1. Which members of segment 150-168 meet the condition of being surrounded by fewer than 22 Cβ atoms within 10 Å (Cβ to Cβ) and without any contact (Cβ under 8 Å) to a residue 60 or more places away in the chain?
2. Does A68 fit the bill of being closer than 30 Å to H218 by Cβ, modelled with pLDDT of 95 or more and either among the aliphatic types (A, V, I, L, M) or not in a helix (DSSP H, G or I) (or both)?
3. Inspect all residues belonging to segment 184-195 and state whether any of them is under 23 Å from H54 (Cβ atoms), surrounded by fewer than 17 Cβ atoms within 10 Å (Cβ to Cβ) and among the hydrophobic types (A, V, I, L, M, F, W, C).
4. Scan (1) modelled with pLDDT under 95; (2) β-branched (V, I, T); (3) under 19 Å from the mean Cα position of the chain (by Cα) for the single condition T156 breaks and write down its number.
5. When you go through H121, H146, H107 one by one, which is the residue that is closer than 25 Å to Q48 by Cβ and either modelled with pLDDT under 95 or of a type outside the set (A, V, I, L, M) (or both)?
6. Report, ordered by the first and then the second residue, all pairs with beta carbons closer than 7 Å, sequence separation of six or more or different chains, a first member in segment 174-201 that is over 26 Å from S238 (Cα atoms), and a second member that is surrounded by 18 or more Cβ atoms within 10 Å (Cβ to Cβ) and β-branched (V, I, T).
7. Just give me the residues in segment 194-236 being assigned to a loop (DSSP other than H, G, I, E, B), of a type outside the set (S, T, Y) and over 21 Å from A249 (Cα atoms), in sequence order.
Amino acid sequence: MPATGMAPGLTGNVHLGHVTAHESNVRVPNGNFQHANVGAHNVHAINQAKQNAHSGAHQNAAHQHTLASNAHLQAQHAHTNQANTHGAHAHANPMQAHIHNAAAQRHHTQAGVHGNQAAVHATHAQHHQQQALHAPSHGSIQNAQHSAHSAQRSATTAHASGSHLAAAHAHNTAADAHHNAAHAHGVVHQQTGHPAAAQQHGQHSNSAQNHRNTAQGHIQSSLSHTHDAHSLHNANQSAAHAHQSAQGAHQSAQGARNAMRRH
């Protein structure tokens, strides 16, 4: 009688549901090795599929951490530039130097935070690249997937920080454009006395102040580390609106200058 758990007529270390390394020594009646070979092929295919899934998950995690590292490097660069801008303003405006120096320090601090995050993500990327070469272990795929998602969230936060800085710049540019338009319409009103020019002057002055306030809001948002995809979208959308507003202000100012030439 064959041993329990072994197929009738087989000798060697081949058990139902598991094929071991001794399968090449299995003897099948009449020399038929087809059944054993099929079992070995299935085991190899399953093991290869597990290895591929494990390697793919860790390679993706490494990629996501690399993207996150790059995103934080970009944010670091943006905050460093902002700090340098405030430093230049402090030098050019001694009476307001304390305000600009304080702002510069805040952005230098944020640049340091993003730089540290970039280094951490770079280390994680290297770790996952190494793990991709190893054999799969219990929970390794889930751990890699969780790590990849964490890297994606961190990258979004970094992108949002930079986008809020860009939006602030766009709104300050729009404020300058509206200030210039207000000045142009003010000149028209002084020269012609047209009430419409006075109205345009007031509207552009208000718009300039609104853009300044919005820019300050984006600056404060850029210093946060709790951004999500919604915050990133809002920053990009706000910057686009600021660009459109600036274009409208430029056109309005040009119209005022043309009116003066006709007058």
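1. S150, the sole residue that qualifies.
2. Numbers: closer than 30 Å to H218 by Cβ: yes; modelled with pLDDT of 95 or more: yes; either among the aliphatic types (A, V, I, L, M) or not in a helix (DSSP H, G or I) (or both): yes.
Yes, satisfied.
3. Looking only at segment 184-195, we keep the residues that are under 23 Å from H54 (Cβ atoms), and these are none.
No, segment 184-195 contains no residue that is under 23 Å from H54 (Cβ atoms), surrounded by fewer than 17 Cβ atoms within 10 Å (Cβ to Cβ) and among the hydrophobic types (A, V, I, L, M, F, W, C).
4. (1)
5. Numbers: H121 fails: closer than 25 Å to Q48 by Cβ; H107 fails: closer than 25 Å to Q48 by Cβ.
So the residue among H121, H146, H107 that is closer than 25 Å to Q48 by Cβ and either modelled with pLDDT under 95 or of a type outside the set (A, V, I, L, M) (or both) is H146.
6. If the second residue must be surrounded by 18 or more Cβ atoms within 10 Å (Cβ to Cβ) and β-branched (V, I, T), the pairs left are H194/V188; A197/V188.
7. Here is the first cut: in segment 194-236, the ones assigned to a loop (DSSP other than H, G, I, E, B) are 194, 223-228.
The next check asks that each one be of a type outside the set (S, T, Y); those that pass are 194, 223, 225, 227-228.
Answer for segment 194-236, where residues must be assigned to a loop (DSSP other than H, G, I, E, B), of a type outside the set (S, T, Y) and over 21 Å from A249 (Cα atoms): L223, H225, H227, D228.
Okay, residues lined up against (1) in a loop (DSSP other than H, G, I, E, B); (2) more than 28 Å from L232 (Cβ to Cβ); (3) of a type in the set (A, V, I, L, M); (4) free of Cβ contacts under 8 Å to residues at least 40 places away in the same chain:
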| residue | (1), (2), (3), (4) |
| --- | --- |
| A88 | no, yes, yes, yes |
| Q96 | no, yes, no, yes |
| A118 | no, no, yes, no |
| H121 | no, no, no, no |
| H128 | no, no, no, no |
| L133 | yes, yes, yes, no |
| A144 | no, no, yes, no |
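The values are calculated or read from the model by the stated rules, or taken from the named source; none is laboratory data. Note that the coordinates shown come from a computational prediction; the quantities given were computed from them, not determined experimentally. So basically every Cβ, Gly included, is an ideal-geometry build from the backbone, and we count neighbours across all protein chains shown.
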